[in-house]
Amino acid sequence: MKQTVSVPFMLLGILFNVCLIAANLLETKVITLCGLTVTAGLLVFPISYIINDCIAEVWGFRKARLIIWTGFAMNFFVVSLGLVAVALPPAPFWTGAEHFNFVFGMAPRIVAASLAAFLVGSFLNAYVMSRMKLRSGGRHFSMRAIASTVVGETADSLLFFPIAFGGVIAWQELAVMMVLQIVLKSLYEVIILPVTVRVVRYVKRIDGSDVYDEGISYKIWKIRDL
């Protein structure tokens with residue numbers, strides 16, 4: 001049987017991929033917000049978890065699994081192109097090589113940390129949303145969205161920082177950074193929750209979809225199971 005996807009699903013999937021790619025690029029700038037030092041990726045990365053919540057809520061874990069893997073593939077593709085571009089010799093008259101390399105010349109360790117953390121955090125987020133929806137009978141979306149984000153963001157930070165900076169930054173400082181990222185990203189979800197709720201309601205209404213993941217496989221590699 002030929003598989004089809006709706007326009008809302010396609011648009012959210014595209015936005016999910018754009019957010020992930022943008023977050024990786026923005027991570028190269030360190031900013032100060034209300035006296036706290038964070039990376040600029042904090043501005044956009046939590047949006048990917050909100051989209052993950054929407055997709056898992058409306059279309060179920062299987063569609064979320066597809067989007068997560070496409071996000072991983074596109075992230076890997078862009079990072080790979082960036083590393084190739086950095087390796088190519090610049091034109092003699094071009095003076096922007098240093099700045100270009102700073103943004104796109106990510107160390108393999110950072111790339112591995114980012115991709116691993118994304119996969120684990122995103123799949124945990126979708127899994128928690130799916131299981132909680134079944135147990136609650138579709139009620140308490142706000143609670144499910146916050147709980148799944150906390151689980152996903154916690155796993156993401158606990159993986160990313162030790163892999164990326166273990167042995168480079170003191171473990172005490174790493175612990176503070178991890179806790180700060182988890183709190184701020186989860187707070188982001190809480191603040192934007194009214195928008196998330198309205199988006200989910202709107203998409204359910206226009207798409208006519210509200211999937212309950214009964215009897216499905218949660219194996220992350222079963223991408224063809226839609």
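The values are calculated or read from the model by the stated rules, or taken from the named source; none is laboratory data. Quick caveat: nothing in here was measured; it's all calculated off a predicted structure. Methodologically, a virtual Cβ is constructed for each residue, glycine included, from the backbone with ideal geometry; neighbour enumeration extends over all protein chains shown. Protein only, heavy atoms only, side chains kept; ligands, DNA and RNA dropped before computing areas. Shrake-Rupley method; radii C 1.70, N 1.55, O 1.52, S 1.80 Å.
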Which FRET efficiency value, to the nearest 0.05, is calculated for Leu187 and Ala91 with the Förster distance at 45 angstrom and r the Cβ-Cβ distance?
0.50
extent check for the stretch 68-226: Cα max minus min per principal axis, descending, whole Å, gives 62, 38, 30
Would you mind computing, in nm to one decimal, how far apart the modelled labels at Met74 and Val176 are, each placed 7 Å from Cα along Cα→Cβ?
3.6
Ranked highest first by the average count of other Cβ atoms within 10 Å around their residues, in what order do 49-61, 9-21, 74-86, 119-131 fall?
49-61, 119-131, 9-21, 74-86
Out of residues 5 or more away from Ile31 or on other chains, whose amide H comes under 5 Å of its own, with H placed 1.01 Å from N in the peptide plane?
Val38, Thr39, Ala40
Per-residue HN-Hα couplings for the stretch 46-51 [Karplus 6.51, -1.76, 1.60; θ = phi - 60°; Hz; x = Gly/Pro]:
x, 4, 5, 6, 5, 5
Over all pairs of different Cα atoms in the stretch 1-148, the reciprocal of the mean inverse distance gives a Kirkwood radius in Å of 17.0
Counting only protein heavy atoms, what percent of the accessible surface of the chain is carbon or sulfur at a 1.4 Å probe?
71
Evaluate the charge dipole of the stretch 1-120 about its Cα centre and quote only its size in Debye, nearest 20, assuming +1 on the Cβ of each Lys and Arg and -1 on the Cβ of each Asp and Glu.
340
Treat the stretch 154-226 as a sphere of radius equal to its Kirkwood radius over Cα pairs and apply Stokes-Einstein at 25 °C in a medium of 0.890 mPa s; give the translational diffusion coefficient in µm²/s, rounded to a whole number.
154
Could you state the accessible area per residue of the stretch 83-226 in Å², with a 1.4 Å probe and every protein chain left in place?
58
Give the total of Lys-Lys pairs in the chain with Cα-Cα distances below 16 Å; include a pair only if its members are 8 or more places apart or on different chains.
6
